[in-house]
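The block underneath contains the structure these notes are about, expressed in structure tokens.
The values are calculated or read from the model by the stated rules, or taken from the named source; none is laboratory data. Source: prediction; values computed, not measured. A quick note on method: Cβ atoms are made from the backbone with ideal geometry, for glycine too, and the neighbour counts reach across all protein chains shown.
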Amino acid sequence: MDKIEKLKKLKNLLNDGAITQEEFSIEKSKILGIKNKTPMIKNKSTAELEQAKKDFFDKEKLKAKAKLEAEMEIKEIEKAKNAKKMKKIINMGTSKGKTVFFWFLTIFCFLVSLGSFVTLKTNIIIYLFNGIIFLILGIMACPKISEKTKRCKLYTKLKKYIIILLLILFIVLTNLI
């Protein structure tokens with residue numbers, strides 16, 4: 001350890017109040033190799049200096065430990081934020097995929113409904129009911145309408161059963177043809 005570092009540590013000890021000005025001057029003279037004309041009480045100042053050094057290094061260890069813990073806590077917080085962002089991105093992708101699927105389903109149902117209405121020339125009642133069933137299914141599958149009907153809790157609960165009932169009715173009517 002060079003003289004400058006020793007002097008800096010000694011100055012820190014003085015600033016922290018761990019040593020007195022007199023002790024600082026004596027130790028500074030020793031480090032720089034200057035003979036000190038002031039008398040020194042060897043036993044007391046050496047013991048106090050050793051205790052001050054020990055206290056100083058203990059404080060530095062505690063500061064370093066606290067800093068390390070704070071950095072680790074910051075990293076954990078950032079890690080949690082990144083995980084939350086990734087989850088949000090994944091959910092966004094999943095919901096976009098569902099939305100696209102339901103739009104295709106809506107278009108399919110409307111096309112089947114349209115096809116049923118066009119073929120009304122034969123078995124008018126069956127094709128009319130099939131067209132109405134697919135029109136209702138298309139409306140229920142439409143993401144924009146589903147978004148607006150989320151407020152109606154009863155409808156949301158019964159939606160699955162309504163769809164199943166309409167599909168069963170469609171299958172029964174199709175078998176009558």
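Only residues that are within 17 Å of Ala141 (Cβ to Cβ) and in contact (Cβ under 8 Å) with a residue 40 or more places away in the chain were counted in the stretch 99-124, giving 3. For the stretch 125-152, the set of residues classified as free of Cβ contacts under 8 Å to residues at least 24 places away in the same chain and outside any helix (DSSP H, G or I) consists of Cys152 only. Answer yes or no: is there a residue in the stretch 54-77 that is part of a helix (DSSP H, G or I), closer than 30 Å to Lys8 by Cβ, aromatic (Phe, Trp, Tyr) and modelled with pLDDT of 85 or more. The answer is yes, given that some residue of the stretch 54-77 is part of a helix (DSSP H, G or I), closer than 30 Å to Lys8 by Cβ, aromatic (Phe, Trp, Tyr) and modelled with pLDDT of 85 or more. When the test is whether a residue is in a loop (DSSP other than H, G, I, E, B), loosely packed, with under 14 Cβ neighbours inside 10 Å, out of contact with any Asp or Glu (no Cβ under 6 Å at 6 or more places or on another chain) and not aromatic (Phe, Trp, Tyr), Thr122 passes it.
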